[in-house]
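What follows is a set of notes on a single structure, which appears directly below.
Just so you know, all these numbers are worked out from the coordinates, no wet-lab data involved. These figures come from a predicted structure and were not determined experimentally. Cβ placement follows ideal geometry from the backbone for every residue including glycine, while neighbour counts extend to all protein chains displayed.
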2 protein chains.
Amino acid sequence: MSKSLQEVSADYRRELTDNILPFWLANGLDPVHGGVYTCLDRDGSLMDSTKSVWFQGRFGYIAAAAYRLIESRPEYLAASRSCIDFIEAHCIDPVDGRMYFEVTADGRPLRKRRYVFSECFAAIAMSEYSLASGDKSYAEKALSLFKDIRRFISTEGFMPPKYLPTQPAIGHSITMILINTASRIREAIADPVLDQQIDESIATLKLFMHPEFEALLETVTPQGELIDTCAGRTINPGHCIETAWFLLEEARYRGNDPELTQMALTILDWSWKWGWDEEFGGIINFRDCKGLPCQDYAQDMKFWWPQTEAVIANLYAYQATGNEKYLQRFHQTNDWMLAHFRDPDYPEWYGYLHRDGTVAQPAKGNLFKGPFHIPRMLIKVPTLLK
Amino acid sequence: MSKSLQEVSADYRRELTDNILPFWLANGLDPVHGGVYTCLDRDGSLMDSTKSVWFQGRFGYIAAAAYRLIESRPEYLAASRSCIDFIEAHCIDPVDGRMYFEVTADGRPLRKRRYVFSECFAAIAMSEYSLASGDKSYAEKALSLFKDIRRFISTEGFMPPKYLPTQPAIGHSITMILINTASRIREAIADPVLDQQIDESIATLKLFMHPEFEALLETVTPQGELIDTCAGRTINPGHCIETAWFLLEEARYRGNDPELTQMALTILDWSWKWGWDEEFGGIINFRDCKGLPCQDYAQDMKFWWPQTEAVIANLYAYQATGNEKYLQRFHQTNDWMLAHFRDPDYPEWYGYLHRDGTVAQPAKGNLFKGPFHIPRMLIKVPTLLK
């Protein structure tokens, strides 16, 4: 017998304020140089002082959102500001205005990559900080950064491409992240470019939807055709499920737009079928749309974040439709997630499980896992259920 | 009761000529454009026609070595030449002379990376083809390419670096691969630069050896210091074991050089201790030299190639020392490998197992697994036991 939604909501708030946020504030936040460390071992001890630029923005966003939406503890707002200050002081390449990917503890640049995710996460941190603090100048900064991002990705040759032009391709990641980035900034400041981006991204997303496989693919040709390679056939169900709730959020913003809701539910239903592991439970990492063996080494593992996306997406879908199947999936995912990812002995959750739900390695963070997906879910679910 | 070494040797020859090579000649070799496909499913069917440039060189090498060292079947020599012709026709960027990483079936370039591994594998293919065919011009080509490789990696700014200069680092991979590349070319053609490279690489390898951890690390500072990050602490036992037999081969070439033999045995003994999984058997992918959780997603998996390296290295060590512990480890690795990696229903071996030895995904090849490590072992072991 699953708990009521109100009980889940109360549990989530407690998990956020009594477990997850204290873990990162105590062990992650850097009192010396500012910003946040994420490479923390099971007990919170620092394993690597490399700072992820993504996570300066991500925790900058999360800490401000917790302050605004859950509980106005001053340390949350201060943590958000510390991450944003660290970004502005250390994470921007003065040569071209683009952000780095990883920097040292004191902010010297280690690596720059050919993507704009660092910039996207910085922008949502700034807009959320603006909402939380009331300081409008951060909304302006977020908007200005967003316009830079659009310039970076549309200026031919500005970012060195990973692949040569022989096989032109477009990617799901950047398409979907820009919906969320624009939506977050729009809460703090209005600008036509934000709505324009969301419209463009929704139109582009349709190119990734392949009804013949009942799948949203990660990479297609610019015309939306299948690229029939291992990479081109790859389905990342958790990623698609995340996109589904970005769209459900937008549909709700548009007064429950029926067409957009239907598009989101189609993506959610398709991706649930590919992603939910009937044998062991949980959302699996990757599938091949033709059922061939996936070549990513982690293809059959269970990572933390696809589970959190499935919790949020199914709650959105239940609220949009009243269909009990989504409520059932919400509980099914939540139950499996809580049973397998929580650490009985230390705070924060594991990130990396084998397919059968056993722990693959027990660290609580690295350059890709940190205070983002779990606290975002723990904030989002109570907010939706308020 | 393990088989005798002579029985193992006969089994290996049969496995090579009756299983592994026929699989790749029938399913991998491209009769239309030349060269070899490696993205083959469990039964040999083509999953992806992208061609790995590494594998044009790797199979070019293997097919010629099988011809020269195991059995002079004309189709082996023809396969080697087909791969080399494909490289020369399609895999070299005319702009700077560097090779691509992946190309289409008909040889249009898809991706170029900032490493010289494509070039190294091409060079060993050419030198082995020269030995097998008697055509000296391929040895000259190999030597010329080797000199290009040295120029590519020593010319500041020629290859865009992955990391910024904040934390200078050197890598085990390029250091060790150049020993093998130079040794293979030296069999076909003499040049002082080849011996010079081997001497340089051996001197550099010592910087990666950390007695305080009894480990050879993958990345250290140019002075050989530990970089105390997750990446800097990473041990790749299979990789180190491969280096150990490259050194044992060189020590034998130098008339059983005692100092070099001892260096190799030290690396082998250290890496065996980190790599052999006492709980489930097999050589594990990665360890952290301080015992912290490894952050590579495949850290506790069992890949095919570390097992094959351990078989070769322990045989070399047994022949160098007569110490029964190496013979025992040779059989222990061979028994576990044969029991878990062979496919009872189709030819070729699996590549990717979970830690417990169950199959993670059953494809026989991709851009990283193809006809190289397994046939190299199946050629090397009978050659050593002749």
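Worth pointing out:
- Evaluated with a Cβ-only charge set (Lys, Arg +1; Asp, Glu -1), the protein assembly as shown carries a dipole of roughly 680 debye about its Cα centre, given to the nearest 20.
- Centroid-to-centroid separation of the range A:168-192 and the range B:292-314 [C-alpha atoms, Å]: 40
- From the alpha carbon centroid of the range B:330-362 to that of the range A:216-265 is 37 Å.
- Per-residue mean of C-beta atoms belonging to partner chains within 10 Å, peptide A:360-369: 4
- Inter-label distance, nm, simple model (7 Å from Cα along the C-beta direction), B:V359/B:D85: 3.5
- Label geometry 7 Å along the beta-carbon vector: B:E278 inter-copy distances in nm: 4.2
- Set A:K162/B:K147; A:K112/A:K290; B:K147/B:K290; A:K206/B:K369; A:K141/B:K112 screened for pairs whose C-alpha atoms are more than 29 Å apart: A:K112/A:K290; B:K147/B:K290; A:K206/B:K369; A:K141/B:K112
- Here the dipole of the range B:128-284 is about 520 debye; that uses its Cα centre as origin and unit charges on the Cβ of Lys and Arg (positive) and Asp and Glu (negative).
- Annotation: the range A:297-386 has a Kirkwood hydrodynamic radius of 13.8 angstrom, from the mean reciprocal C-alpha pair distance.
- Max mean-square fluctuation residue, GNM over chain B, Cα-Cα springs under 10 Å, options B:S80, B:S49, B:S271: B:S49
- Using a cutoff of 8 angstrom between alpha carbon atoms and counting only pairs six or more residues apart, the relative contact order for the range A:286-386 works out to 27 percent.
- Label spacing, shortest first and in nm, from B:K386 to its equivalents in the remaining copies (7 angstrom along Cα→Cβ): 7.8
- Along the axis of the charge dipole computed for the protein assembly as shown (Cβ charges of +1 for Lys and Arg, -1 for Asp and Glu, origin at the Cα centre), the listed residues A:S154, B:S183, A:G365 are led at the positive end by A:S154.
- Dipole magnitude of the range A:278-386 about its Cα centre (Cβ charges: Lys, Arg +1; Asp, Glu -1), debye to nearest 20: 400
- Distribution of pairwise C-alpha distances over the range A:72-149, 5 Å bins, in %: 3, 16, 26, 24, 17, 10, 3, 0
- Taking the label point 7 Å along Cα→Cβ, B:K290 and its counterparts in the other copies are spaced 4.7 nm apart, in ascending order.
- Comparing Cα centroids, the range B:145-163 and the range B:44-106 end up 23 angstrom apart.
- Applying 0.36 nm per residue to the separation of B:K3 and B:E71 and subtracting their alpha-carbon distance, the gain on full extension is 22.1 nm.
- Residue-averaged beta-carbon neighbours from other chains (10 angstrom radius) around B:133-139: 0
- Normalised contact order of chain A, rounded percent, pairs of Cα under 8 Å and 6 or more residues apart: 18
- For chain B, the alpha-carbon radius of gyration amounts to 0.93 times the rule-of-thumb value 2.2 N^0.38 Å expected for a compact globular protein.
- Mean ellipticity per residue at 222 nm, deg cm²/dmol - from DSSP H runs of n ≥ 4 across the protein assembly as shown, formula -39500 (n - 2.57): -17500 deg cm²/dmol
- Proximal aspartates and glutamates to A:K386, defined as alpha-carbon separation beneath 13 angstrom and excluding residues fewer than eight positions away on the same chain: A:E7
- Counting, for every residue in A:289-296, the Cβ atoms of other protein chains within 10 Å of its Cβ and taking the mean gives 5.
- Among A:G281, A:G157, A:G34, residue whose mean-square fluctuation peaks in a GNM of chain A (springs only between Cα atoms under 10 Å): A:G157
- Under 14 Å from the Cα of B:K302 - aspartates and glutamates, other chains or at least 8 residues apart: B:D277, B:E278, B:E279, B:D356
- Straight-line cross-link partners of A:K3 among the aspartates and glutamates, defined as a Cα under 14 Å from its Cα and at least 8 positions apart when in the same chain: A:D11, A:D335.
- All C-alpha pair distances within the protein assembly as shown, sorted into 10 Å bins from zero, spread as 3, 13, 22, 25, 19, 12, 5, 1, 0 percent across the bins.
- GNM result for chain B, Cα springs below 10 Å: residue of B:D199, B:D96, B:D269 fluctuating most strongly: B:D96
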